[in-house]
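What follows is a set of notes on a single structure, which appears directly below.
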Amino acid sequence: MTPAKYFTPAEKEAIVDAIREAEKNTSGEIRVHIENHAKKATLDRAAQVFADLKMHKTALRNGVLVYVALEDHKLAILGDAGINAKVPAGFWDNITARLAGHFKEGHACQGLCEAILAIGEQLKAYFPYQQNDINELPDDISFGSDK
């Protein structure tokens, strides 16, 4: 199954809505990338996707990627330098573990939405919304090929 077909249209909409909701109160940016296989070590692949999506181009370096390799059962949350300098140690690990639990229970959409909102709360604490804030990155889900 192609990664884009894994989620129903309503689930995709819920994930995008969670991104928009999470970004309402922060200048931070959140992206979700879903593919079947990591093609290399999970964090290395997440870093490659982070670069491919040009997430390092935000003004405050406060982008966060939620990376999912469906068939490999791999997850990673990768923050840019600006946010990683501010969040507490183990923050991404905690959210990743909760997300993995949702995937194991068959609640992938719910898990992604909860993870996105938790990331948004952390971003809001360190990078609150500014009046002149612009949405620097698309809110849509990025899907890898099914190859």
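Residue-by-condition table, conditions (1) open to solvent by 60 Å² or more (accessible area, probe 1.4 Å); (2) modelled with pLDDT under 95; (3) not in a loop (DSSP other than H, G, I, E, B):
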site	(1), (2), (3)
K39	yes, yes, no
D44	yes, no, yes
A47	no, no, yes
H56	yes, yes, yes
Is it true that A100 is open to solvent by less than 40 Å² (accessible area, probe 1.4 Å), at negative phi and part of a helix (DSSP H, G or I)?
yes
Looking at (1) of a type outside the set (A, V, I, L, M); (2) at pLDDT 95 or above; (3) surrounded by fewer than 19 Cβ atoms within 10 Å (Cβ to Cβ); (4) over 17 Å from D140 (Cα atoms), which one does N94 not meet, given that it meets all the others?
(2)
Among residues belonging to the stretch 1-28 that are at pLDDT 90 or above and small (G, A, S), point out the one that is most open to solvent (accessible area, probe 1.4 Å).
A10
Any chance you could count how many residues in the stretch 58-74 are outside any loop (DSSP other than H, G, I, E, B) and open to solvent by less than 40 Å² (accessible area, probe 1.4 Å)?
7
Taking into account only those residues within the stretch 103-116 that are closer than 25 Å to K24 by Cα and without any contact (Cβ under 8 Å) to a residue 12 or more places away in the chain, which is surrounded by the fewest Cβ atoms within 10 Å (Cβ to Cβ)?
H107
First in the stretch 73-90 and of a type in the set (K, R), second anywhere and in a helix (DSSP H, G or I), Cβ under 7 Å, 6 or more apart
K74/T42; K86/Y126
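The values are calculated or read from the model by the stated rules, or taken from the named source; none is laboratory data. These numbers were taken from a predicted model, which means no experiment stands behind them. Heads up, the Cβs are rebuilt from the backbone with ideal geometry, glycines too, and the neighbour counts pull from every protein chain shown. Protein only, heavy atoms only, side chains kept; ligands, DNA and RNA dropped before computing areas. Shrake-Rupley method; radii C 1.70, N 1.55, O 1.52, S 1.80 Å.
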